[in-house]
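The structure appears below as structure tokens.
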Amino acid sequence: MRPVYLLLGGLLLAGCPYSFSNSLPGHIKTVSIPVFENETLESELAEELTTAVTDRFVRDNQLSVVQQDADAELLGTITGFEDRVFGFNADQRADEYLVVLTVRLVFRDRVKNKEIWKEDQTRGVASYFLGSSQAGTPATVEQARALAITQIVDIIVSRTFEGW
């Protein structure tokens, strides 16, 4: 019976087409990530998003993050931040809110002086319930904002390394 399990396991692994290699040109080994521009009134948002993106690239370790002379650069502009009512309770009082973070992004090959990818309307969206006591449910705008930032970071990393 054991050889059957080994054979099935081998077939499953052989049939998996996913690859962990990135889709970037081979000459791109470094990236610079200047502080994102901010067209909103949320004064600390640009630094928060830039730090989150930079930390993720450092953790991911597929590209070295450098300040200057990089092979590529990630440019970002925060174009929108909304915190709006999304739902009401039985007493018709607002209790659910929606945070929408919108960013324009460009990933450029500085060696060949061309865009690798560009996104004009990348969005991170998270809801929160004021005063929520449920574990894992955001209860503040700051928690929802952090989730929206994480979504943006995930999109950037996916777009950069997987080409989607």
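The set of residues in the stretch 80-91 that are in a strand (DSSP E or B) and either surrounded by fewer than 17 Cβ atoms within 10 Å (Cβ to Cβ) or over 23 Å from the mean Cα position of the chain (by Cα) (or both) comprises G80, E82, D83, R84, V85, F86, G87, F88.
Quick one: A94 ticks every box in (1) surrounded by 15 or more Cβ atoms within 10 Å (Cβ to Cβ); (2) of a type in the set (A, V, I, L, M); (3) farther than 30 Å from E162 by Cβ except a single one, so which number is it? With (1) surrounded by 15 or more Cβ atoms within 10 Å (Cβ to Cβ); (2) of a type in the set (A, V, I, L, M); (3) farther than 30 Å from E162 by Cβ applied to A94, the lone miss is (1). On inspection, V111 passes the criterion of being in contact with a His (Cβ under 8 Å, 6 or more places away or on another chain) and either surrounded by fewer than 18 Cβ atoms within 10 Å (Cβ to Cβ) or not β-branched (V, I, T) (or both). The set of residues in the stretch 124-139 being surrounded by 15 or more Cβ atoms within 10 Å (Cβ to Cβ) and either part of a loop (DSSP other than H, G, I, E, B) or under 10 Å from the mean Cα position of the chain (by Cα) (or both) consists of G124, S132, P138.
Can you name the residue in the stretch 57-71 that is in a helix (DSSP H, G or I) and hydrophobic (A, V, I, L, M, F, W, C) and, of all such residues, is farthest from D109 (Cα to Cα)? Residue satisfying both the conditions and the ranking: V58.
Flag: E142 does not match the condition of being in a strand (DSSP E or B), surrounded by fewer than 14 Cβ atoms within 10 Å (Cβ to Cβ), of a type in the set (D, E) and out of contact with any helix residue (DSSP H, G or I) (no Cβ under 9 Å at 6 or more places or on another chain).
Every number here is computed from the coordinates shown, using simple stated rules; none is lab data. Because the structure is predicted, anything quoted here is derived from the model rather than measured. No Cβ is skipped: glycine too gets one built from the backbone with ideal geometry, and neighbour counts run over all protein chains shown.
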